[in-house]
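Asker: Starting off with a structure, shown below.
The values are calculated or read from the model by the stated rules, or taken from the named source; none is laboratory data. What you see is a predicted model, and the numbers here were worked out from it, not measured in a lab. Cβ placement follows ideal geometry from the backbone for every residue including glycine, while neighbour counts extend to all protein chains displayed. With ligands, DNA and RNA removed, areas are computed over all heavy atoms of the protein, side chains included. Shrake-Rupley method; radii C 1.70, N 1.55, O 1.52, S 1.80 Å.
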Amino acid sequence: MGELHSIRGKEIYVERQGDPSSPPLVYLHGGPGSSCYDFMSVQGERLRESLYLIGMDQRGVLRSEMLDEDEKLSPDDIVEDAEELRRMLGISSWSVLGHSFGGFLAALYASKYPQSIDRLIFESPGFDFHLTLNSLLKQASVIFESKNQSQEAEKTREQVQSNLETPRLMEVWLETGGKLGKDRESLYFYGPQKDFFETLFSKAPVEIQNRLQQTQSHFTKLHEEQTMYKSVLNDLTELPHPSLIITSNHDFVFCEKQHEFVRDKVGNAKIITFNQSGHFPRIEEPVKYARVVKEFLLK
């Protein structure tokens, strides 16, 4: 169980597991707006044995205080919340694990507060939304073709080739994802756990189920502010921290172009590829995932 902390004028939900004397690791969730609920549920028991694990629902997300209608939100706000939480907890420095959009946030955080961070772990990171969205749309066209929806497949391919600005490309992706229906989950899960989140939240306490929709405001405000559409790939080359990227052969978010950039230009980043996962190695290969994380942080 976690608790609310007043951070920079907002009540932020924070969950801590493990011994505070162990090496601290903070988890930054993706989405935008996914919450730390699934990560702490799946990996908490495994990682808290040897790490001081800290997760937070970013401002406006799930168990944190809702955003006001006229309230602005940027990735910098999330970074500042994380840094303020570190100070409040009396932690001199910690390691950061960011998943998907959380990988973008972790890179931003490390660039702004390098002295606050020991090591970085990026799980299926989205460092460049434009590259990620193109990758997802290309794979969506493959799914449409497999369902004999050739018109939708061709329309999707045309949108990829039309050089849309990234915010507009996001809107195209949201529309396309809606048309995919249940097949959308095959873009994120490789194995049979495609109903993982539906099952997880169906078993969650009612108060959590009732707050799932407030995530939309978090995403909408970040989308409107647009800073999240700036690539942080080049920023990675300047980071001094030992870094681990956990990726998968079947992930379309940390796409081939991002993988090639990191491999060729980010010298202090180690890449470990999972073979039986999609976008969520921590869910599809949880035991291996926990081992890899602990080995990297506890060497």
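Asker: Restricting to region 162-201, give me the number of residues that are more than 20 Å from the chain's Cα centre (by Cα), assigned to a loop (DSSP other than H, G, I, E, B) and either more than 19 Å from residue 143 (Cβ to Cβ) or touching a residue at least 12 places away in the same chain (Cβ under 8 Å) (or both).
Answerer: Counting residues in region 162-201 that are more than 20 Å from the chain's Cα centre (by Cα), assigned to a loop (DSSP other than H, G, I, E, B) and either more than 19 Å from residue 143 (Cβ to Cβ) or touching a residue at least 12 places away in the same chain (Cβ under 8 Å) (or both) gives 4.
Asker: Quick one: what pairs do we get from region 9-24, first residue hydrophobic (A, V, I, L, M, F, W, C), second modelled with pLDDT under 95 and surrounded by 18 or more Cβ atoms within 10 Å (Cβ to Cβ), C-beta under 8 Å, 6+ apart or different chains?
Answerer: Filtered contacts from region 9-24: 14/2.
Asker: Scan region 31-48 and tell me whether some residue there is touching a residue at least 40 places away in the same chain (Cβ under 8 Å), within 23 Å of residue 90 (Cα to Cα) and among the acidic types (Asp, Glu). Even if it seems obvious, please write down each step before you answer.
Answerer: First, pick out the residues of region 31-48 that are touching a residue at least 40 places away in the same chain (Cβ under 8 Å): 31-35, 37-39, 41-43, 46-47.
Within this subset, residues satisfying the condition of being within 23 Å of residue 90 (Cα to Cα) are 47.
Within this subset, residues satisfying the condition of being among the acidic types (Asp, Glu) are none.
No, every residue in region 31-48 fails to be touching a residue at least 40 places away in the same chain (Cβ under 8 Å), within 23 Å of residue 90 (Cα to Cα) and among the acidic types (Asp, Glu).
Asker: Can I ask one more? From the list 291, 282, exactly one residue is in contact with a His (Cβ under 9 Å, 6 or more places away or on another chain), of a type in the set (Lys, Arg) and over 24 Å from residue 74 (Cα atoms). Which is it? Reasoning before the result, please.
Answerer: Details: 291 fails: in contact with a His (Cβ under 9 Å, 6 or more places away or on another chain).
Selected residue: 282, the only one of 291, 282 that is in contact with a His (Cβ under 9 Å, 6 or more places away or on another chain), of a type in the set (Lys, Arg) and over 24 Å from residue 74 (Cα atoms).
Asker: Does residue 60 fit the bill of being open to solvent by less than 10 Å² (accessible area, probe 1.4 Å) and at pLDDT 95 or above? Before you say what the answer is, go through the steps one by one.
Answerer: Values: open to solvent by less than 10 Å² (accessible area, probe 1.4 Å): yes; at pLDDT 95 or above: yes.
The answer is yes for residue 60.
Asker: Restricting to region 209-222, give me the number of residues that are part of a helix (DSSP H, G or I) and over 26 Å from residue 104 (Cα atoms).
Answerer: Here the count works out to 1.
Asker: Can you tell me which residue among 202, 186, 231 is exposed (fewer than 13 other Cβ atoms within 10 Å of the Cβ) and either hydroxyl-bearing (Ser, Thr, Tyr) or under 30 Å from residue 10 (Cα atoms) (or both)?
Answerer: Details: 186 fails: exposed (fewer than 13 other Cβ atoms within 10 Å of the Cβ); 231 fails: exposed (fewer than 13 other Cβ atoms within 10 Å of the Cβ).
Residue meeting the stated conditions: 202.
Asker: Say we look at region 238-283 and pick out the residues that are in a helix (DSSP H, G or I) and open to solvent by less than 30 Å² (accessible area, probe 1.4 Å); which of these is nearest to residue 131 (Cα to Cα)? Walk me through how you get there before you give the answer.
Answerer: Residues of region 238-283 that are in a helix (DSSP H, G or I), as a first pass: 256-265, 281-283.
Next, only the ones that are open to solvent by less than 30 Å² (accessible area, probe 1.4 Å) stay: 258, 262, 281-283.
Details: 258: 7, 262: 13, 281: 21, 282: 23, 283: 24 Å.
Here the answer is 258.
Asker: If you don't mind, another one. Hey, among the residues in region 31-42 that are within 16 Å of residue 106 (Cβ to Cβ) and either of a type in the set (Ser, Thr, Tyr) or surrounded by fewer than 23 Cβ atoms within 10 Å (Cβ to Cβ) (or both), which one's farthest from the chain's Cα centre (by Cα)? Break it down into steps so the answer makes sense when it comes.
Answerer: Quick first cut of region 31-42, residues within 16 Å of residue 106 (Cβ to Cβ) only: 31-32, 34, 36, 39.
Filter once more, so that each one left must be either of a type in the set (Ser, Thr, Tyr) or surrounded by fewer than 23 Cβ atoms within 10 Å (Cβ to Cβ) (or both): 31, 34.
Values: 31: 6, 34: 8 Å.
The extreme case among them is 34.
Asker: If we scan region 80-87, do we find a residue that is assigned to a helix (DSSP H, G or I), in contact (Cβ under 8 Å) with a residue 24 or more places away in the chain, open to solvent by 10 Å² or more (accessible area, probe 1.4 Å) and in contact with a helix residue (DSSP H, G or I) (Cβ under 9 Å, 6 or more places away or on another chain)? Talk me through it step by step, then tell me what you get.
Answerer: Taking region 80-87 as the starting set, the residues that turn out to be assigned to a helix (DSSP H, G or I) are 80-87.
Of the ones still in play, those that are also in contact (Cβ under 8 Å) with a residue 24 or more places away in the chain are 80-86.
From what's left, open to solvent by 10 Å² or more (accessible area, probe 1.4 Å): 80, 84, 86.
Adding the requirement that they be in contact with a helix residue (DSSP H, G or I) (Cβ under 9 Å, 6 or more places away or on another chain) leaves 80, 86.
Looking through region 80-87, at least one residue is assigned to a helix (DSSP H, G or I), in contact (Cβ under 8 Å) with a residue 24 or more places away in the chain, open to solvent by 10 Å² or more (accessible area, probe 1.4 Å) and in contact with a helix residue (DSSP H, G or I) (Cβ under 9 Å, 6 or more places away or on another chain).
Asker: On to the next question. Of all residues in region 108-149, count the ones that are in a helix (DSSP H, G or I), open to solvent by less than 30 Å² (accessible area, probe 1.4 Å) and closer than 15 Å to residue 266 by Cβ. Please lay out each step first, then the result.
Answerer: Taking region 108-149 first, the residues in a helix (DSSP H, G or I) are 108-112, 114-116, 129-146.
Checking the rest, the ones that are also open to solvent by less than 30 Å² (accessible area, probe 1.4 Å) come to 109-110, 116, 129, 132-137, 140-141, 143-144.
Pick out the ones that are also closer than 15 Å to residue 266 by Cβ and you get 110.
Residues meeting the conditions: 1.
Asker: Criterion first (over 13 Å from residue 35 (Cβ atoms) and among the aromatic types (Phe, Trp, Tyr)) does residue 201 satisfy it?
Answerer: On the way: over 13 Å from residue 35 (Cβ atoms): no; among the aromatic types (Phe, Trp, Tyr): yes.
So residue 201 fails the test.
Asker: What about residue 293, is it open to solvent by less than 10 Å² (accessible area, probe 1.4 Å), at pLDDT 95 or above, closer than 19 Å to residue 44 by Cα and not in a loop (DSSP other than H, G, I, E, B)?
Answerer: Values: open to solvent by less than 10 Å² (accessible area, probe 1.4 Å): yes; at pLDDT 95 or above: yes; closer than 19 Å to residue 44 by Cα: yes; not in a loop (DSSP other than H, G, I, E, B): yes.
Answer is yes for this residue.
Asker: What are the residues in region 1-21 that are under 21 Å from residue 208 (Cβ atoms) and part of a loop (DSSP other than H, G, I, E, B), if any?
Answerer: Residues satisfying the conditions are 1, 2.
Asker: So is residue 99 open to solvent by 50 Å² or more (accessible area, probe 1.4 Å) and either more than 25 Å from residue 218 (Cα to Cα) or at pLDDT 95 or above (or both) or not? Give the steps one after another, and end with the answer.
Answerer: Working: open to solvent by 50 Å² or more (accessible area, probe 1.4 Å): no; either more than 25 Å from residue 218 (Cα to Cα) or at pLDDT 95 or above (or both): yes.
No: the conditions fail for residue 99.
Asker: Of all residues in region 22-73, how many are of a type outside the set (D, E, K, R) and in a loop (DSSP other than H, G, I, E, B)? Break it down into steps so the answer makes sense when it comes.
Answerer: Looking only at region 22-73, we keep the residues that are of a type outside the set (D, E, K, R), and these are 22-37, 39-44, 47, 50-56, 58, 60-62, 64, 66-67, 73.
Keeping just the survivors that are in a loop (DSSP other than H, G, I, E, B) gives 22-23, 29-36, 50-51, 58, 60-62, 64, 66-67, 73.
Residues that pass the stated criteria total 20.
Asker: Further question on the same structure: In region 1-16, what count of residues is obtained for those that are crowded, with 19+ Cβ neighbours inside 10 Å and farther than 17 Å from residue 65 by Cβ?
Answerer: The qualifying residues number 1.
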